2 protein chains.
Amino acid sequence: MSGTSLSEQKNRIALLIQYDGTGFNGWQSQNKGRTVQDEIEKALHIIFKKNIRITASGRTDAGVHALGQVAHFDFPGIMNPGKLCTSLNGILGQEIAVRNVYLVPDTFHARYSATQREYLYLIYNHPRRSPFSLNRAMWVNYKLDIDALRKISSFLTGEKDFASFCKKTSVQENTVRRIDEFLITGKNDLIIFKIRGTAFLHNMVRIIAGTMLDMLKNKTEPDYIIDILEKKDRKASGKTAPAHGLYLSHVTYEPELTEMESAF
Amino acid sequence: MSGTSLSEQKNRIALLIQYDGTGFNGWQSQNKGRTVQDEIEKALHIIFKKNIRITASGRTDAGVHALGQVAHFDFPGIMNPGKLCTSLNGILGQEIAVRNVYLVPDTFHARYSATQREYLYLIYNHPRRSPFSLNRAMWVNYKLDIDALRKISSFLTGEKDFASFCKKTSVQENTVRRIDEFLITGKNDLIIFKIRGTAFLHNMVRIIAGTMLDMLKNKTEPDYIIDILEKKDRKASGKTAPAHGLYLSHVTYEPELTEMESAF
């Protein structure tokens with residue numbers, strides 16, 4: 001280390017981030033609208049007086065929330081993670097919170113090192129809307145049969161070609177993904193889908209949720225979802241459920257971020 | 001009934017109402033600011049083309065939420081409660097929802113017929129703020145000892161003089177109230193106080209919550225709350241916890257509103 005001055009030493013930092021996606025045009029920087037990435041990069045610029053680009057585990061679309069988004073960046077210098085966490089939260093608006101800051105190895109990459117991603121899809125199931133689920137859960141005003149939803153979900157776990165559950169893009173891509181866990185819980189008026197897998201296609205969770213709701217509405221047999229999968233065509237599936245019900249809840253790394261040096 | 005035309009026939013209607021209190025200057029109509037009462041009366045005016053005054057179970061202060069506020073009014077005429085519920089929700093903004101509409105007896109009074117009131121006080125207990133508890137729970141960033149909170153709460157149930165837990169007013173009033181249930185639950189980072197009693201003094205729940213938190217911070221013995229009660233002086237208690245943690249959750253009537261003819 002003799003030839004390296006402190007200012008040249010690189011620290012790779014990972015941020016654990018929550019955001020209410022309502023007021024944002026998604027995670028990623030773009031020409032139009034406020035984005036979460038821009039807000040965090042602006043805050044880092046205020047702290048470090050440098051342009052710093054951050055890389056997330058994945059994009060989230062406009063209106064989608066995050067409970068456990070992860071992003072990394074390199075900071076040339078020495079720093080105290082706890083102080084950085086406090087400073088970022090002081091600068092950022094109330095819609096974004098940095099929940100923890102970790103010093104990670106140089107080989108850590110928020111996107112490529114991620115081994116699992118977990119999403120929640122929240123459904124507020126009540127005949128009348130509630131101000132407390134506004135922008136936080138999809139409102140469904142007819143009674144949903146949780147057992148029927150669970151039966152459908154059981155056909156979606158494992159490695160499958162999810163081409164029918166992917167927003168069409170011009171690029172031909174491999175649409176095989178693996179869902180490792182698909183848990184559906186219901187408590188009071190809130191139904192929560194928890195879906196965990198290696199990676200997800202664009203809009204995959206929202207198309208899965210929307211299709212399952214369409215199937216219940218149309219009284220389709222649960223195993224019809226196998227036919228939809230086999231068609232490998234977006235036209236075979238149902239509606240895309242709204243963005244405001246979706247939460248990126250957890251990104252898994254090995255070892256877990258919590259085993260890194262953290263702000264607490 | 002021979003001399004009574006349909007238009008003279010009176011229907012007493014009770015509304016079960018939820019609201020996010022963030023954007024309101026409380027329940028009650030007043031000279032300044034938007035109030036929940038005004039918004040509902042404006043919506044009733046649009047529907048019935050008449051000025052209709054509504055009476056609630058009690059006021060809520062600026063920023064305080066309601067999960068189960070009840071208000072009544074008399075409508076001269078015949079109506080379908082289900083249709084009224086749908087119409088009101090169509091007119092009202094997203095911050096207020098009418099959850100149900102009941103046809104109640106002429107003797108029903110939202111305030112005077114209420115036998116019990118239940119409030120929730122929500123505390124988000126985590127070192128870092130969360131966008132999802134913003135305006136919905138009080139944020140406490142140091143670890144709270146739930147057992148210690150429960151010990152303090154055990155001294156507050158039953159009939160007591162709560163003068164120390166009442167916002168000072170110019171009017172001399174009877175400050176004896178009865179707390180029938182005080183339950184404290186903690187799950188993940190959310191601590192919920194559930195307080196049920198016959199009636200509450202102004203700011204009573206918020207001063208109780210604030211005082212209990214102050215006691216934990218100052219490591220005061222739980223039974224010191226008895227001394228505070230005995231002093232019968234607002235100066236003896238602690239801070240008033242913020243409005244945005246408080247929810248009017250349930251108002252009890254005998255028989256319960258749910259036993260009345262409802263919209264569903």
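The values are calculated or read from the model by the stated rules, or taken from the named source; none is laboratory data. Treat the numbers as computed from the prediction; the structure is a model and nothing was measured. In this analysis, Cβ positions are derived from the backbone assuming ideal geometry, glycine residues included, and neighbour counts consider all displayed protein chains.
Details
- Every residue from region A:10-50 that is hydrophobic (A, V, I, L, M, F, W, C) and either within 19 Å of the chain's Cα centre (by Cα) or within 14 Å of chain B (Cβ to nearest Cβ) (or both): A:A14, A:L15, A:L16, A:I17, A:F24, A:W27, A:V36, A:I40
- Any pair with Cβ under 8 angstrom, 6 or more apart, that starts in region A:16-37 at a residue that is among the aliphatic types (A, V, I, L, M) and ends at one that is assigned to a helix (DSSP H, G or I): A:L16/A:L257; A:I17/A:V36; A:I17/A:I40; A:V36/A:G21
- Residue match in region B:70-86 (condition: out of contact with any helix residue (DSSP H, G or I) (no Cβ under 9 Å at 6 or more places or on another chain), modelled with pLDDT of 95 or more and basic (K, R)): no
- Screening region A:51-64 for residues that are more than 16 Å from A:T240 (Cβ to Cβ) and touching a helix residue (DSSP H, G or I) at 6+ places or on another chain (Cβ under 8 Å) and picking the one that is nearest to the other protein chains (Cβ to nearest Cβ) gives A:A56.
Residues checked against (1) more than 11 Å from every other protein chain (Cβ to nearest Cβ); (2) within 28 Å of B:Y247 (Cα to Cα); (3) over 19 Å from the mean Cα position of the chain (by Cα); (4) crowded, with 16+ Cβ neighbours inside 10 Å:
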position	(1), (2), (3), (4)
A:I123	yes, yes, no, yes
A:S130	no, yes, yes, yes
A:Y142	yes, yes, yes, no
A:S153	yes, no, yes, yes
A:F162	yes, no, no, yes
A:C166	yes, no, no, yes
A:Q172	yes, no, yes, no
A:F182	yes, no, no, yes
A:F193	yes, yes, no, yes
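- Residues satisfying the criterion are present in region B:221-241 (criterion: without any contact (Cβ under 8 Å) to a residue 40 or more places away in the chain and crowded, with 19+ Cβ neighbours inside 10 Å).
- Residue list for region B:70-91, filter: within 14 Å of another protein chain (Cβ to nearest Cβ) and surrounded by 14 or more Cβ atoms within 10 Å (Cβ to Cβ): B:P81, B:G82, B:L84, B:C85, B:T86, B:S87, B:L88, B:N89, B:I91
- Qualifying residue in region A:192-207 (condition: over 21 Å from A:V251 (Cα atoms) and in contact (Cβ under 8 Å) with a residue 24 or more places away in the chain): no
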